[in-house]
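*Asks:* I am attaching a structure below and will ask some questions about it afterwards.
The values are calculated or read from the model by the stated rules, or taken from the named source; none is laboratory data. Quick caveat, the model's predicted, so the values are computed rather than measured. In this analysis, Cβ positions are derived from the backbone assuming ideal geometry, glycine residues included, and neighbour counts consider all displayed protein chains. Ligands, DNA and RNA are excluded from the accessible area calculation, which covers all protein heavy atoms including side chains. Shrake-Rupley method; radii C 1.70, N 1.55, O 1.52, S 1.80 Å.
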Amino acid sequence: MGKRSRHRFDKKKKAAEGFLDEDEIMALNINGEGKPRNAKHTAKLKKRFRKLQKREKEKLERSGGKQKQKSTGWHKIEVIGSEAMEKNFIYTSIGSSLEIEFQPLGFHKIDKKSCFYLENNEPAASAMHSLDKRIQDSNGNLLKINSIRVSRPDLALNSDQLQVLREVMSRRFNAATCLLDLTNLHHDPALLEKDILAPLASTLVMKQVIKVIKENIPHLKALNLSKNSLHVNHLNLLLPSMHSESSQLFALNLEHNAIDNLQMLRFIKMFPITELSLQFNPIVEIYKNKPIRYIELAKKNLPQLKILDTVDVETYLKEKIATASSQQPAASSSTAGTSSSIVSEPLVRSFLEQYYALIDAPDRNALVAAYTPDAVLEIKSSVQAIISSVFVGQDKIKEALTTFPRTQHQHGTFSFNIQFPSPSIAQAAVMGQCQIDGLETVVTFARTMNIVPFNAGLCCSQDVLELR
């Protein structure tokens, strides 16, 4: 096939697929104006562009939850014109052209570029890229818009920005408890107000944070690093660098990060850690069916550890050993399959953590094992889309769990109340908020569970779920 024939073939193929050639894209700005070849050509471009937008919108709607799963990571957005554009102009121009919500972070200018970042919002990043050469600046020039996926922003902070970071850390330090709270550091209002992007996962930012801690808080006792997208390699850089012979760090919160390997324990074993939380990390999901192994490994690497993910480590291990030794080798009566173990708060909290780790999963079949064979599940709903019902027995409960819409519980809103009517029964009440597929608003829930010993662990014998 000759060069010209190949070119004609490519153009026909693009037309059939609904894509616009580069010169056709440049003929349209955001208002559909520009310098078309003729009226017929303009109408053709507009029609094809509308079809393309409709197709992309339908594709996004069909993808549903899958799209959400892909919306992770960072994107750098570059807007290039004859000169760097002002922040308000950029945000207004792009925002008025998109139906997708977005939060720009770290706006700055480099030569003729205006740049900012998007976090965990791939749909918005893709939509902004589609606006390339479709927005005009004040001089009528078309702006070039690039969307670049990056592992993380790694911006060097100037002296003024570093001073703001120090002030933020000072405000987040509680001198009375020697606690430094760096939760979701880069979303601190003081940093956002001044367009300072300082993610703790950035090597440059982390080194500065370490320096501030070593110079100003040498006797730090508690550190909260939750919601900072930290990986194991980040902990390897951060924690050993903070250590000294006089280190007193005993409490470490690493919740809501990206820790997927217990090798991270070796990076903190030099500290006298007694309290550690790894909840809402991939590592917890990996060990969800091996809780004893999970706690044993933590205890082995951190000999002074007393509390892991709110569970009393020593009590949990003692009770598990006692439970295992009290189990009969074979069932010999009508009570076979039950256990007479005493129910404790650490065990109940561990049960609830595993329960809520499974309930938001696409496949809830594994959750059926959390109920006794004759358990009762009652749903009391004031939400129009959910019908109040009662389900008795594991088969009916399994049917209820698999047909109930997908949920996403907001763990930060949870409150717990655990009571013990008798040594062998716990009554756990959990209140909070969750998002239910198909509902536009967040639902408030209250769940009361009777938790009893069963086989080698705990199960729920009665579950009352109220939705409002």
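*Asks:* At q = 0.10, 0.12, 0.16, 0.20 Å⁻¹, what log₁₀ I(q)/I(0) does a Debye calculation on the Cα points of segment 100-259 give, no solvent, two decimals?
*Replies:* Each listed q maps to, in turn, -0.44, -0.60, -0.95, -1.34.
*Asks:* Just the Cα atoms of segment 96-187: what Rg and Dmax do they give in Å?
*Replies:* Considering segment 96-187 through its Cα atoms, Rg and Dmax are 17.7, 58 Å.
*Asks:* What is the local net charge at Met242, summed over the other residues whose Cβ is closer than 14 Å to its Cβ (Lys, Arg +1; Asp, Glu -1)?
*Replies:* Details: positive: Lys207, Lys211, Lys214, Lys221, Lys269; negative: Glu215, Glu245.
Local net charge: +3.
*Asks:* Can you put Arg152, Arg468 in order of accessible area, largest first, using a 1.4 Å probe? Let's see the in-between values first.
*Replies:* Numbers: Arg152 75, Arg468 120 Å².
Final ranking, largest accessible area leading: Arg468, Arg152.
*Asks:* Averaged per residue, what accessible surface does segment 355-404 expose to a 1.4 Å probe, in Å²? The partial results should precede the final answer.
*Replies:* Working: 2630 Å² over 50 residues.
Per residue, segment 355-404 has an accessible area of 53 Å².
*Asks:* Using only protein heavy atoms and a 1.4 Å probe, report how much of His129 is accessible, in Å² to the nearest 10.
*Replies:* 90
*Asks:* Of Glu193, Glu245, which has the most accessible area with a 1.4 Å probe, and how do the rest follow in descending order?
*Replies:* Highest to lowest solvent-accessible surface, that is Glu245, Glu193.
*Asks:* Charges only on Cβ, +1 for Lys and Arg, -1 for Asp and Glu: so what's the dipole of segment 217-309 about the Cα centre, in debye to the nearest 20? Write out the running numbers ahead of the final one.
*Replies:* Working: 10 positive and 7 negative charges, 44 e Å.
Using only the charged Cβ atoms, the result is roughly 220 debye.
*Asks:* Let me ask another. Give me P(r) over segment 427-468, computed from all C-alpha to C-alpha distances, binned every 10 Å, as integer percentages.
*Replies:* In order of increasing distance, the bins hold 27, 39, 24, 9, 0 percent.
*Asks:* Taking a 18 Å limit on the Cα-Cα distance, which of the listed pairs Lys109/Lys144; Lys221/Lys269; Lys227/Lys288; Lys76/Lys112; Lys109/Lys194 fall beyond it?
*Replies:* On the way: Lys109/Lys144 15 Å; Lys221/Lys269 15 Å; Lys227/Lys288 21 Å; Lys76/Lys112 15 Å; Lys109/Lys194 14 Å.
Distance filter (> 18 Å) returns Lys227/Lys288.
*Asks:* When only C-alpha pairs under 8 Å and at least 6 residues apart count, what is the relative contact order of segment 172-244, in percent? Don't jump to the answer; show the numbers that get you there.
*Replies:* Working: 67 pairs, mean separation 29.5, N = 73.
About 40 percent, as a whole number.
*Asks:* Which value, in Å² rounded to 10, gives the accessible area of Met270 with a 1.4 Å probe and all protein chains present?
*Replies:* Solvent-accessible area, nearest 10 Å²: 70 Å².
*Asks:* Another question, if that's okay. Students sometimes get this wrong: rank Arg166, Arg134, Arg349 by accessible area, probe 1.4 Å, all chains present, largest first. Write down the numbers at each step before the final one.
*Replies:* Details: Arg166 85, Arg134 25, Arg349 60 Å².
Sorted by accessible area, descending: Arg166, Arg349, Arg134.
*Asks:* What number comes out for accessible area per residue over segment 206-286 if the probe is 1.4 Å? Units Å², please. Write out the running numbers ahead of the final one.
*Replies:* On the way: 3510 Å² over 81 residues.
Counting only protein heavy atoms, the per-residue value for segment 206-286 is 43 Å².
*Asks:* Would you work out what percent of the accessible area of segment 391-450, with all protein chains in place, is carbon or sulfur (probe 1.4 Å)? Kindly include the intermediate steps, with their values, before the conclusion.
*Replies:* Working: 1630 of 3270 Å².
That fraction is 50 percent.
*Asks:* Still on this structure: Not counting ligands, DNA or RNA, and with a 1.4 Å probe, what is Cys115's accessible surface area in Å² rounded to the nearest 10?
*Replies:* 0
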